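**Q** Quick one: this structure, given as structure tokens, is what I'll be asking you about.
The values are calculated or read from the model by the stated rules, or taken from the named source; none is laboratory data. Keep in mind that what you see is a predicted model, and the values were worked out from it rather than measured. Glycine also receives a Cβ, built like all others from the backbone with ideal geometry; neighbour counts cover every protein chain displayed. Surface accessibility is based on the protein's heavy atoms, side chains included, excluding ligands, DNA and RNA. Shrake-Rupley method; radii C 1.70, N 1.55, O 1.52, S 1.80 Å.
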Amino acid sequence: MSKKISTEDVKHVANLARLAITDEEAEKYSEQLSSIINFSEQLSEVDTSNVKPMTHVLDMKNVFREDEPKDWITKEEALKNAPDKADGQFRVPSILE
Amino acid sequence: MSLLDLTIKELQEKLSNKEITVTELTQACFDRIEETDDQVNAFLTLNKEAALEQAKQLDEEGIDADQFLLFGMPIGIKDNIMTKDLKTTCASEFLSNFEDPLYDATVITKLKNANAINIGKLNMDEFAMGSSTENSAYKKTTNPWNKDYVPGGSSGGSAAAVAAGQVPFALGSDTGGSVRQPASYCGVVGMKPTYGRVSRFGLVAFASSLDQVGPLTRTVEDNARILEVISGVDEMDPTSANIDVPNFQEALTGDIKGLKVAVPKEYLQEGVDEEVANKINQAIDTLKELGAEVDEVSLPHSKYAIATYYMLASSEASANLARFDGIRYGKRAENADNLIELYKQSRSKGFGDEVKRRIMLGTFALSSGYYDAYYKKAQQVRRLITEDFEKVFENYDVIVGPTSPTTAFKIGEQIDDPLTMYANDILTIPVNLAGVPAISIPCGFHSDNDMPIGLQIIGKHFDEGNVYRVAHAYEQQTMHYKQKPAIGGVN
């Protein structure tokens, strides 16, 4: 069975998805994702030339509400579950080199 | 006979007559959990202190069971439903420190308003991705009918807890069968409502165009009552439908004379276990005896449902799970020296194998050069699958078939083979793709392994009433729910 997704593809996709993977994992995912993609090739046999893609089950359009301020969570609450915080803010490592 | 074997009606009658107190009923759940959960492993977090406190309050206020549909009723909650101040992990290592959720899901607010009592949080496949609950980062839930077997998934904890009599009712969530398949494997009743019937606010999103919260119970009547409580439009979820919530219990008349029932030939074809098919055919005969008119129909695009689903659900998941970045909540990897590394390390350590697999599959399907071939194509086939249902429902009230092609499988049997695992959902996935409601109810046992078999009843959009009507009529005729697993020395 030809591999649809090479280990290089897996590493590219993992980077896009912000996942760090080892070479060993890349090998495994290459095989598993390829077999899932191969399986999904069956969709190409369906004639969909005049079929509109379905994005949503219900025939709904935009749902509007009044734009009114409401009480929600406080700053303290928002920070409550943060792994690292300082001075009322989330703290992260440096973003720029 | 345990208190926990009674229906909501029976329990509330006992409360009204002062035969029992809410505290006794709540305590009975925790006793039963203590007695059985070292074997079942259904619960991740118990809400004992708060639940008993709430029970005491309700007892002090006095029994007014008629005023509240779920007054004093104990319920277990799948761990992907947000509960304020009660740990919510989605069975993921990533959320292992998420002790203080800031708000309740709308379904939890509604349960609280109905005076139901949250007993605790139930095990599941991590982020609801899986069909056996083996993808939990914490524990392996077993099937109460035989501990060597999986309970199904992803709402395996919810189904097992109800089957084991730990709680009489539970909430699960269903994206591709995650309420109905475990209900089938554990011999309980599980409902996936119409997409939009129940607010998704506070349900941790997996695939937003497919996810719905649904009840798991032992009887159809209890199920209908819980759905009535949790349903309704919600301004916090713009995809919740602004449609009146009927009193579903009015549909439980036992009368299905003249009701038109369709049986898709694709649902009883090869791949479906022979004895499962036989049991479904017996159930169909029962429906005929009750006066239903039954015909064979076709849902020709059914065979494409799994591929369609895995493209769409994984794509949506890859976007939804981007929020888990290790910054605002959840576990953060240590020693990352820049932001990108922090994301990557936190996510890689926090997510399990199946979650990573689906995030990567979805990212691939949405990536430049593949979007049209995989994602858009799947959206088109989704429409064809939906149109199959629409055509049948022009002439029929409900569709029936098996919930799953087989009974429960053994723990460890399928975990290494994603595609075999995915095939468990072939009969439940089309329902999510079309957004229609469907229930699984017990219809007997397999002679090879004595494990339960589930009958699936599918309805039109927002016609849960007729689904419940047929399910209830069948249940009352056969009374399968009276059979319970022997576990912890108690029947």
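**Q** Quick one: 3J(HN,Hα) in Hz for the stretch B:292-300, Karplus 6.51/-1.76/1.60 with θ = phi - 60°, rounded, Gly and Pro as x.
**A** 6, 9, 10, 9, 7, 10, 10, 10, x
**Q** If you don't mind, there's one more thing I want to ask. Which GluC sites (Glu not before Pro) does the stretch B:215-266 hold that lie in a coil by DSSP with at most 14 other beta carbons within 10 Å?
**A** Values: sites: B:GLU221, B:GLU228, B:GLU235, B:GLU250, B:GLU266; in loops: B:GLU235.
Listed in order of number, the matching sites are B:GLU235.
**Q** Then there's this: Please list, ordered by chain and number, the residues whose modelled amide H lies under 5 Å from the amide H of B:GLY254; skip anything fewer than 5 residues away on the same chain.
**A** B:ALA473
**Q** Please report, in debye to the nearest 20, how large the charge dipole of chain A is about its Cα centre when each Lys and Arg carries +1 at its beta carbon and each Asp and Glu carries -1 there. Could you put the intermediate results ahead of the total?
**A** Numbers: 13 positive and 20 negative charges, 34 e Å.
In debye, rounded to 20, chain A gives about 160.
**Q** Extending each Cα 7 Å along its Cβ direction at B:ILE243 and B:GLN282, get the distance between those two points in nm, one decimal.
**A** According to this spin-label approximation, the distance is 3.5 nm.
**Q** Restricting to Cα pairs below 8 Å that are 6+ residues apart, what does the relative contact order work out to for the stretch B:206-248? Please round to a whole percent. The partial results should precede the final answer.
**A** Values: 24 pairs, mean separation 12.3, N = 43.
That works out to 29 percent.
**Q** Measuring with a 1.4 Å probe in the full set of protein chains, what accessible area per residue, in whole Å², belongs to chain A?
**A** Working: 6950 Å² over 97 residues.
With the other protein chains kept in place, chain A gives 72 Å² per residue.
**Q** GluC sites (Glu not before Pro) within the stretch B:383-469: which are DSSP loop residues with at most 15 other Cβ atoms inside 10 Å?
**A** Values: sites: B:GLU387, B:GLU390, B:GLU394, B:GLU413, B:GLU464; in loops: B:GLU394, B:GLU413.
Qualifying residues, ordered by number: B:GLU394.
**Q** Per residue of the stretch B:80-95, in order, report the coupling 6.51 cos²θ - 1.76 cosθ + 1.60 (Karplus, θ = phi - 60°) as ³J(HN,Hα) in whole Hz, putting x for Gly and Pro.
**A** Coupling constants for the stretch B:80-95: 9, 10, 5, 10, 4, 6, 10, 2, 10, 10, 6, 6, 10, 4, 4, 9 Hz.
**Q** I'd like the interface area for chains B and A: accessible area of each alone minus the complex, both sides summed, 1.4 Å probe, protein heavy atoms only. What is it in Å² to the nearest 100?
**A** On the way: alone 18860 and 9830 Å², together 23140 Å².
Approximately 5500 Å², summed over both chains.
**Q** Bin by bin, in steps of 10 Å, what percent of the Cα pairs in the protein assembly as shown do you find, going until the bin that has the longest distance?
**A** Taking every Cα pair in the protein assembly as shown, the percentages come to 4, 18, 29, 28, 16, 5, 1, 0.
**Q** Residues of B:369-378, mean number of Cβ from any other protein chain within 10 Å of their own Cβ, rounded to a whole number? Before the final figure, lay out the partial values.
**A** Numbers: counts 0, 4, 0, 1, 5, 5, 1, 2, 7, 5.
What the average comes to for B:369-378 is 3.
**Q** Another question about this same structure. Explain nothing, just the number: dipole magnitude of the protein assembly as shown about its Cα centre with +1 on each Lys and Arg Cβ and -1 on each Asp and Glu Cβ, in debye rounded to the nearest 20.
**A** On the way: 60 positive and 90 negative charges, 139 e Å.
Using Cβ point charges on Lys, Arg, Asp and Glu, the protein assembly as shown gives about 660 debye.
**Q** Determine the share of the protein assembly as shown's accessible area contributed by carbon and sulfur atoms, expressed in whole percent, with a 1.4 angstrom probe. Could you put the intermediate results ahead of the total?
**A** Values: 10440 of 23140 Å².
In the protein assembly as shown, the share of accessible area belonging to carbon and sulfur is 45 percent.
**Q** In addition: Roughly how far apart, in whole Å, are the Cα centres of the stretch B:1-17 and the stretch B:225-275?
**A** 26 Å
**Q** What is the packing order of peptides B:345-357, B:274-286, taking the mean over residues of other C-beta atoms within 10 Å and listing the highest first? Working shown, then result.
**A** Working: B:345-357: 20.7, B:274-286: 17.2.
Top of the packing list down: B:345-357, B:274-286.
**Q** In the stretch B:180-221, what residues drop by 40 Å² or more of accessible area when the other protein chains are put back, versus the chain on its own? Use 1.4 Å, and skip ligands and nucleic acids.
**A** At a threshold of 40 Å² (probe 1.4 Å), the residues of the stretch B:180-221 that become less exposed are B:TYR195.
**Q** With contacts defined as alpha carbon pairs under 8 Å and 6 or more residues apart, what's the relative contact order of chain B in percent? Please report the intermediate quantities before stating the final value.
**A** Values: 1152 pairs, mean separation 86.2, N = 491.
It comes to 18 percent, rounded to a whole number.
**Q** Taking chain A as the reference, fit the longest principal axis to its C-alpha atoms, fit the long axis of helix A:23-40 to the helix C-alpha atoms, and give the angle between the two in degrees, 0 to 90, nearest 10.
**A** So the inclination is approximately 70 degrees.
**Q** I'd like the mean, over residues of B:356-363, of how many other protein chain beta carbons sit within 10 Å of each residue's own Cβ. Write out the running numbers ahead of the final one.
**A** On the way: counts 6, 5, 2, 6, 12, 9, 2, 8.
The shielding value for this peptide is 6.
**Q** Related question: With r as the distance between the Cβ atoms of A:VAL63 and A:ASP87 and R0 = 51 Å, compute the FRET efficiency 1/(1 + (r/R0)^6) and round to 0.05. Walk me through the numbers on the way to the answer.
**A** Numbers: r = 38 Å, r/R0 = 0.74.
Calculated transfer efficiency: 0.85.
**Q** Right, here's the next one. Any chance you could give the angle, 0 to 90 degrees and rounded to 10, that helix A:7-16 forms with the longest Cα principal axis of chain A?
**A** Once rounded, the angle reads 20 degrees.
**Q** Please list B:MET236, A:MET60, A:MET54 in order of solvent-accessible area, largest first, computed with a 1.4 Å probe with all protein chains present. Before the final figure, lay out each step's value.
**A** Details: B:MET236 85, A:MET60 65, A:MET54 5 Å².
Output order, biggest surface exposure first: B:MET236, A:MET60, A:MET54.
**Q** Give me the inter-chain shielding for B:306-315: mean count of other chain Cβ atoms within 10 Å, whole number please.
**A** Details: counts 4, 9, 5, 0, 4, 4, 2, 0, 1, 0.
Shielding by partners across B:306-315 averages 3.
**Q** Right, another one. Take every DSSP beta bridge with both residues inside the stretch B:1-151 and express the antiparallel ones as a percent of the total, to the nearest 5. Walk me through the numbers on the way to the answer.
**A** Numbers: 5 of 10 bridges.
Roughly 50 percent of the DSSP beta bridges within the stretch B:1-151 come out antiparallel.
**Q** From the helices alone, meaning DSSP H stretches of at least four residues, give me the mean residue ellipticity at 222 nm for the protein assembly as shown, per-run term -39500 (n - 2.57), in deg cm²/dmol to the nearest 500. All intermediate terms of the calculation are to be shown ahead of the outcome.
**A** Working: 18 runs with 211 residues, N = 588.
Mean residue ellipticity at 222 nm (helix-derived): -11000 deg cm²/dmol.
**Q** Can you say what percent of the DSSP beta bridges in the protein assembly as shown, counting only those with both residues inside, are antiparallel? Round to 5. Numbers along the way, then the final one.
**A** Numbers: 34 of 49 bridges.
Among the beta bridges of the protein assembly as shown, antiparallel pairing accounts for roughly 70 percent.
**Q** Given the peptides B:179-187, A:10-18, B:470-478, A:64-72, arrange them by the average over their residues of other C-beta atoms within 10 Å, most packed first. Before the final figure, lay out each step's value.
**A** On the way: B:179-187: 34.4, A:10-18: 19.9, B:470-478: 22.6, A:64-72: 5.8.
Packing proxy ranking, top to bottom: B:179-187, B:470-478, A:10-18, A:64-72.
**Q** Among B:287-297, B:190-200, B:131-141, what's the highest-first ranking by average C-beta atoms within 10 angstrom per residue?
**A** Working: B:287-297: 14.8, B:190-200: 28.0, B:131-141: 24.8.
With the highest mean Cβ count within 10 Å placed first, the list reads B:190-200, B:131-141, B:287-297.
**Q** Would you mind telling me which residue in A:ASP87, A:ASP47, A:ASP23 has the biggest mean-square fluctuation in a Gaussian network model of chain A, where springs connect alpha carbons within a distance under 10 angstrom?
**A** Judging by the Gaussian network model, the answer is A:ASP87.
**Q** For the stretch B:65-134, what does the accessible surface come to per residue with a 1.4 Å probe? Please give it in Å². Please report the intermediate quantities before stating the final value.
**A** Details: 1630 Å² over 70 residues.
Accessible area per residue, the stretch B:65-134: 23 Å².
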